[in-house]
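The values are calculated or read from the model by the stated rules, or taken from the named source; none is laboratory data. The structure displayed is predicted, hence computed values, not measured ones. Note: ideal-geometry Cβ built from the backbone for every residue, glycine included; neighbour counts use all protein chains shown.
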Amino acid sequence: MTDMSGDRRDFFRRAFGDAFERLSKATETKIVQQRYVRPPGALPEMGFLTACTRCGACAPVCPAGAILHVPARGGLAAGTPYLEPGRIPCIACPEMPCVTACPTDALTLPAEGWLGHRLGRIEFHPDRCITFQGQPCEVCVTSCPVGDTALALDSEGRPVLKMEGCVACGVCVRDCITIPSSFSFHPLES
């Protein structure tokens, strides 16, 4: 006698997975009124809101002091951790201490580490960058914690943002010497 429970479970997952995913997204859109950029390794929003105990253990271990907590007026999200990478960047710690400090599975270490996680999207504005006006600068490139897989200089000494390697930690937004910054942070679309 063979065990068909695994095959049956896979069949139902495939058959109803897409419908469940659409229903889950629609429910999340109605329940979650405001989107927050969550610390690395966060579950999808509904799962995160359910799993997070609002214990605050992730914030004090963040070396950058980047983890904030949603205020009481945040409804269901009140007390949960979030980031504002455009204002206080996450520094893309290789060991992700916020994840290790989480007593639940609200934050889990991605199998590929930072390679498997993005906080959002960084946009580069060459019209603001002084290197495009002939002045040398390497501040963004030298401050990027990910390195040249995310941000490098071209042969003319101008920054090149590599979207496939960028985790959108926000360090370049903060450290850029131009006002306004030559980089901007954008949350991921849901």
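A compact table of results
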item	result
Any chance residue 113 is surrounded by 19 or more Cβ atoms within 10 Å (Cβ to Cβ), in the same structural domain as residue 51 (by TED's automatic domain parsing) and not aromatic (Phe, Trp, Tyr)	no
Failed item in (1) without any contact (Cβ under 8 Å) to a residue 24 or more places away in the chain; (2) closer than 28 Å to residue 178 by Cα; (3) not polar (S, T, N, Q), with residue 62 passing the rest	(1)
Scan of the range 179-189 for residues that are buried (at least 16 other Cβ atoms within 10 Å of the Cβ) and either more than 18 Å from the chain's Cα centre (by Cα) or aliphatic (A, V, I, L, M) (or both), ordered by number	181, 182
Qualifying positions in the range 145-170 - over 12 Å from residue 122 (Cα atoms) and of a type outside the set (Val, Ile, Thr)	145, 147, 148, 152, 153, 154, 155, 156, 157, 158, 159
When residues of the range 73-96 are limited to those that are small (Gly, Ala, Ser) and under 15 Å from the mean Cα position of the chain (by Cα), the one nearest to residue 63 (Cα to Cα)	92
Condition met for residue 65 (at pLDDT below 95 and either exposed (fewer than 13 other Cβ atoms within 10 Å of the Cβ) or within 13 Å of the chain's Cα centre (by Cα) (or both))	no
Residue in the range 170-183 that is of a type outside the set (D, E, K, R), within 30 Å of residue 53 (Cα to Cα) and at pLDDT 95 or above present	yes
Any hit, the range 123-139, residues being crowded, with 19+ Cβ neighbours inside 10 Å and either within 13 Å of the chain's Cα centre (by Cα) or outside the structural domain of residue 167 (by TED's automatic domain parsing) (or both)	no
Any hit, the range 31-47, residues being farther than 27 Å from residue 185 by Cβ, modelled with pLDDT of 90 or more and either touching a Pro at 6+ places or on another chain (Cβ under 9 Å) or not assigned by TED's automatic domain parsing to the domain that holds residue 89 (or both)	no
Qualifying positions in the range 85-104 - loosely packed, with under 14 Cβ neighbours inside 10 Å and more than 30 Å from residue 140 (Cα to Cα)	103
Elements of type helices (runs of 4 or more DSSP H) contained in the range 97-190, each with 3 or more residues being more than 27 Å from residue 58 (Cα to Cα)	139-143
Test: residue 146 is surrounded by 18 or more Cβ atoms within 10 Å (Cβ to Cβ) and among the β-branched types (Val, Ile, Thr)	yes
Selection count, the range 121-139, where residues are touching a Leu at 6+ places or on another chain (Cβ under 9 Å) and either at positive phi or aromatic (Phe, Trp, Tyr) (or both)	1
Residue satisfying all of: in the range 68-84; surrounded by 21 or more Cβ atoms within 10 Å (Cβ to Cβ) and at pLDDT 95 or above; nearest to residue 165 (Cα to Cα) among these	83
